[in-house]
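Below: one structure, written as structure tokens.
The values are calculated or read from the model by the stated rules, or taken from the named source; none is laboratory data. Because the structure is a prediction, the values reported are computed rather than measured. Counting neighbours? That spans all protein chains shown, and the Cβs are built from the backbone with ideal geometry, glycine included.
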Amino acid sequence: MNRPVISDRPLGPDDLAALVARDIPPGSFVNLGIGQPTKVANHLDPADGIVLHTENGMLGMGPEAHGDDVDPELINAGKVPVTELAGASYFHHADSFAMMRGGHLDYCVLGAFQVSATGDLANWHTGAPDAIPAVGGAMDLATGARQTLVMMSLLTRDGAPKLVPSCTLPLTAVGCVTRVYTDRAVFDITGDGVAVRDRFGTSYDELRDLLSLPLLDRTGP
Amino acid sequence: MVDVVDTAVEAVAGIADGATVMIGGFGTAGQPVDLIEAVIAGGVRDLTVVNNNAGNGDRGLAALIREGRVRKIICSFPRQHDSHCFDEEYRAGRIELELVAQGNLAERIRAGGAGIGGFFTPTGVGTALAEGKEVRRIDGRDHVLEHPIRADVALISAFAADPAGNLVFRKTARNFGPVMATAAVTTVVQVRELRPLGGIDPEHVVTPGIYVDRVVCVPQPPLPEEEGR
């Protein structure tokens, strides 16, 4: 697609999901994480033949199931009832994570608490001392998928940046994130540093002020 | 040799206090709820349980935890919106948690069943879950050493079995069942349908009967396709 995408206001979750969907090449095998990334499925073009993987043992996952289509034995990783598309397949958990770890999954899209300037991901533990930890498949996905994309708000509710020089929360995986989609901008994590690729209602200078890390401007001529 | 038994209570007989028990299922999909409830009725305690989660709602694994039968749980995702039974036991310090990344959990069970003494995996490198574990650089990438998990008993749920113990599963209820079946001294299976010998096409068998010790058929509510939807 044509880059950069510049808009005059921040993007909502659905617009951001549409942007992610447009960046996923036809024919890709993709895992969408729980939460905001799930919305990406709504914007994929069936003609593109993108196959969705769910780590609880299925390729060819269809949309969320409703009404009579709900089957308690057909769920996604978030334990939400889903449907199967023609050409779907089922397999056990060790196979499901072998295909991930073995580099067969092209993309995963995950939510995040923090992403570092070098692509470290923190998305499984809030760091709160009384929190019950739960990691699920996040570490395996972030490590195993060929490309890990993150969707998150740029700032916490308290206004702190979530794209940071180095993560202060417990890590999910080291150096795994290649691109970060946020409501204010899309960033590429490159060998040269963090590059601003698209901007939404936020100028390059504003982004530099919000984030305490060096940025490269790749948004335009 | 496979024992086809009549009741869930017979199927789970002989589990000792302090046993390690693998329990299939991802959330409630594929969870052998009737076998777990028979375990609760049998009074066994001090169990180490291996499952992806730590119970949902108030039945099955959640009830086993609520009843104080589980000393330790090895799982990847205990915290869920309906994990209140586990949450209460954990916050009260009455249950030990070993948290394992989900793919490492599946592969540790697979290794246990396949006679593998351990494996190096990139998953978890540089995280809290790799602390204290051996890290080795292989082909330019760091890998962490993970050890197999074996169990005294595996309790799983499948769609159908034949008297040879061959199993077929249904949709995403398959999840951990096939690997857990390989990794326990005694594998106990609850099925929705018991078919005659030859009633499962050998090409369709997911878990061969060599891994299965006891089978019990427990009728379940009709599935969507059975209701003619």
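Values computed for the structure shown
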read-out	value
Residue B:91 surrounded by fewer than 21 Cβ atoms within 10 Å (Cβ to Cβ), free of Cβ contacts under 8 Å to residues at least 12 places away in the same chain and farther than 16 Å from residue B:155 by Cβ	yes
Residue A:59 buried (at least 16 other Cβ atoms within 10 Å of the Cβ), among the aliphatic types (A, V, I, L, M) and at the interface with chain B (Cβ under 8 Å from one of its Cβ atoms)	no
Tally, over region A:96-115, of residues that are within 11 Å of chain B (Cβ to nearest Cβ), touching a Lys or Arg at 6+ places or on another chain (Cβ under 9 Å) and crowded, with 17+ Cβ neighbours inside 10 Å	1
Hits in region A:2-18 (condition: of a type outside the set (Val, Ile, Thr) and more than 16 Å from residue A:40 (Cα to Cα))	A:2, A:3, A:4, A:7, A:8, A:9, A:10
Positions within region B:141-153 being away from every other protein chain (no Cβ under 13 Å) and either surrounded by 22 or more Cβ atoms within 10 Å (Cβ to Cβ) or out of contact with any helix residue (DSSP H, G or I) (no Cβ under 6 Å at 6 or more places or on another chain) (or both), in sequence order	B:145, B:147, B:151, B:152, B:153
Some residue of region B:114-135 being within 30 Å of residue B:4 (Cα to Cα), touching a strand residue (DSSP E or B) at 6+ places or on another chain (Cβ under 9 Å) and in contact (Cβ under 8 Å) with a residue 40 or more places away in the chain	no
Residues located in region A:113-146, provided they are of a type in the set (Gly, Ala, Ser), in contact (Cβ under 8 Å) with a residue 60 or more places away in the chain and over 15 Å from residue B:127 (Cα atoms)	A:117, A:145
Per-region count, region B:184-197, residues buried (at least 24 other Cβ atoms within 10 Å of the Cβ) and not β-branched (Val, Ile, Thr)	2
Criterion: within 17 Å of the chain's Cα centre (by Cα) and under 24 Å from residue A:12 (Cβ atoms) - qualifying residue of A:174, A:180, A:135	A:180
Some residue of region B:160-182 being touching a helix residue (DSSP H, G or I) at 6+ places or on another chain (Cβ under 9 Å), at pLDDT 95 or above, within 9 Å of chain A (Cβ to nearest Cβ) and surrounded by fewer than 24 Cβ atoms within 10 Å (Cβ to Cβ)	no
Count of region A:62-84 residues which are at the interface with chain B (Cβ under 7 Å from one of its Cβ atoms), among the aliphatic types (A, V, I, L, M) and within 17 Å of residue B:226 (Cβ to Cβ)	1
Number of the condition not met by residue A:6 [criteria: (1) away from chain B (no Cβ under 14 Å); (2) under 18 Å from the mean Cα position of the chain (by Cα)]	(2)
Selection within region B:106-140 - surrounded by fewer than 19 Cβ atoms within 10 Å (Cβ to Cβ), on the phi < 0 side of the Ramachandran plot, in contact with a helix residue (DSSP H, G or I) (Cβ under 9 Å, 6 or more places away or on another chain) and not aromatic (Phe, Trp, Tyr)	B:114, B:116, B:117
Residues of region B:112-140 satisfying the condition of being outside any loop (DSSP other than H, G, I, E, B), within 11 Å of another protein chain (Cβ to nearest Cβ) and closer than 24 Å to residue A:176 by Cβ	B:119, B:121, B:128, B:129, B:130
Helices (runs of 4 or more DSSP H) contained entirely in region B:6-107, each with at least 3 residues that are within 13 Å of chain A (Cβ to nearest Cβ)	B:84-91
